Structures are given as C-alpha cells and as structure tokens.
Amino acid sequence: MIFVNSSNQKLYLFKDDTLIFESKISTSKHGMGCKMNSLKTPTGLHRVSTMLGEGLPAGTLFKNRVPTEKVIKKIPLDNSDYITSRILRLNGLEEGKNRGGDVDSYNRYIYIHGTPHCNTLGSKQSQGCIRMSDTDVIKLFDLVDLKTLVLID
C-alpha cells in the first residue's frame, strides 16, 4: 500500500506492514480536494489503474500519456508541470468522494509521476498530481503492481 501524506509532502510504500520505501513529493499548490477542474490533489482511497513508462530512460517526457523522444536531464527554468519517466494513473475507490460524477480521480487524470523539478519536492507545487523525482518514481514503479492501494491524506 502507498500512503501519500500531504502535510509533510512524503510518500510511503508499505509491504506487509513494513515501510520499504519513502520519498519526498509535491502535491497540488491549490490544496487538497476532489472536484473536477479544481487542480487540487484528491484525497481518500485509490488504486493504481495504469502503469506507463516501463523501461524508458529517466527523464522521458510524456504528452497525453504517450512518451516522446525528448528526455529532460536538467531542471527546467520554467514552471511547467512536466510529466516524466513513469506514470501511475489512479482510480478513486470512494463513490461520490473520488469516484464518479465531477469528483472522479481517473477522469481527472490524477497520476503519481516523475518531474524534472526535483528542486521543489517537499513543497506543494503540482497541478493536482503527485510529483516525485525521476529516480524515485522509477524505484516506486518497480516496487508496485497494478491495483496497489493508494491512500492520499
């Protein structure tokens, strides 16, 4: 199970009640919430529904969930919300909270993904997704499976 703690901007991975991985993250600079178009990070129980990017080089840039030929190796000077290296797309499991209607995390395209903006991890900077360093998202990707539970608080 993955636990995302928005108050300390950290992600934890547990296997059999043992912490096996921990990483600095960034949740939304707009706060926590589940409404469509809010740009907020949704709360509650989710599941990893799609995993994209296996075997791609660290820093591979995605556009619309499709890897491009571009690999970002340095921290960009702009503040764009780049999606790099790996994508774990989340599906909400709580009807009316993060599943269905105008609160659906899957339809909001909420991911755990890599970012080249590793200098801002540990602070709230994203547009709703959960950002991790390219190195850490690749490690996490290799440690989890489809349907892994994700609790975002």
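The values are calculated or read from the model by the stated rules, or taken from the named source; none is laboratory data. Here the structure is a predicted model, which means the values were calculated and not measured. All Cβ positions, glycine included, derive from the backbone under ideal geometry; neighbour counts span all protein chains shown. For accessibility, only protein heavy atoms count, side chains too; no ligands or nucleic acids. Shrake-Rupley method; radii C 1.70, N 1.55, O 1.52, S 1.80 Å.
Note on the stretch 88-112: residues that are touching a Lys or Arg at 6+ places or on another chain (Cβ under 8 Å) and either part of a loop (DSSP other than H, G, I, E, B) or surrounded by fewer than 16 Cβ atoms within 10 Å (Cβ to Cβ) (or both) total 6.
Of all residues in the stretch 30-83, those that are over 23 Å from Gln9 (Cα atoms), among the hydroxyl-bearing types (Ser, Thr, Tyr) and modelled with pLDDT under 95 total 0. For the stretch 132-150, a residue qualifies if it is open to solvent by less than 90 Å² (accessible area, probe 1.4 Å) and either touching a Ser or Thr at 6+ places or on another chain (Cβ under 9 Å) or not in a strand (DSSP E or B) (or both), and the qualifying residues are Met132, Ser133, Asp134, Thr135, Asp136, Val137, Ile138, Leu140, Phe141, Leu143, Val144, Thr148. Sub-9 Å Cβ pairs linking a first residue in the stretch 4-23 that is within 13 Å of Leu149 (Cα to Cα) to a second residue that is open to solvent by 70 Å² or more (accessible area, probe 1.4 Å) and in a loop (DSSP other than H, G, I, E, B), at least 6 apart or interchain, are Val4/Asp153; Tyr12/Met1; Leu13/Met1; Phe14/Met1; Lys15/Met1, ordered by first then second residue.
Each row is one residue, and each column tells you yes or no for (1) open to solvent by 20 Å² or more (accessible area, probe 1.4 Å); (2) closer than 16 Å to Ile110 by Cβ; (3) over 17 Å from the mean Cα position of the chain (by Cα); (4) among the hydroxyl-bearing types (Ser, Thr, Tyr).
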residue: Val4; (1), (2), (3), (4): no, yes, no, no
residue: Asn8; (1), (2), (3), (4): yes, no, no, no
residue: Ser23; (1), (2), (3), (4): no, no, no, yes
residue: Thr27; (1), (2), (3), (4): no, yes, no, yes
residue: His30; (1), (2), (3), (4): yes, yes, no, no
residue: Leu45; (1), (2), (3), (4): yes, yes, no, no
residue: Ser49; (1), (2), (3), (4): yes, yes, no, yes
residue: Pro57; (1), (2), (3), (4): yes, no, yes, no
residue: Arg86; (1), (2), (3), (4): no, yes, no, no
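Could you tell me which residue of the stretch 59-76 is nearest to the chain's Cα centre (by Cα), considering only residues that are among the charged types (D, E, K, R) and part of a strand (DSSP E or B)?
Filtering the stretch 59-76 for residues among the charged types (D, E, K, R) gives 63, 65, 69-70, 73-74.
If we keep only those that are part of a strand (DSSP E or B) too, we end up with 63, 69-70.
On the way: Lys63: 15, Glu69: 22, Lys70: 20 Å.
Here the answer is Lys63.
Taken over the stretch 118-131, the criterion of being part of a loop (DSSP other than H, G, I, E, B) and open to solvent by less than 10 Å² (accessible area, probe 1.4 Å) is satisfied by Gly128 alone.
Run down Asn37, Asn79 and say which single residue is of a type outside the set (Phe, Trp, Tyr), at negative phi, open to solvent by 50 Å² or more (accessible area, probe 1.4 Å) and part of a loop (DSSP other than H, G, I, E, B). Quick ask: steps written out before the conclusion?
Numbers: Asn37 fails: at negative phi.
It is Asn79.
Look at (1) within 13 Å of the chain's Cα centre (by Cα); (2) more than 17 Å from Cys129 (Cα to Cα); (3) among the β-branched types (Val, Ile, Thr) and you find that Thr41 fails only one, number (2).
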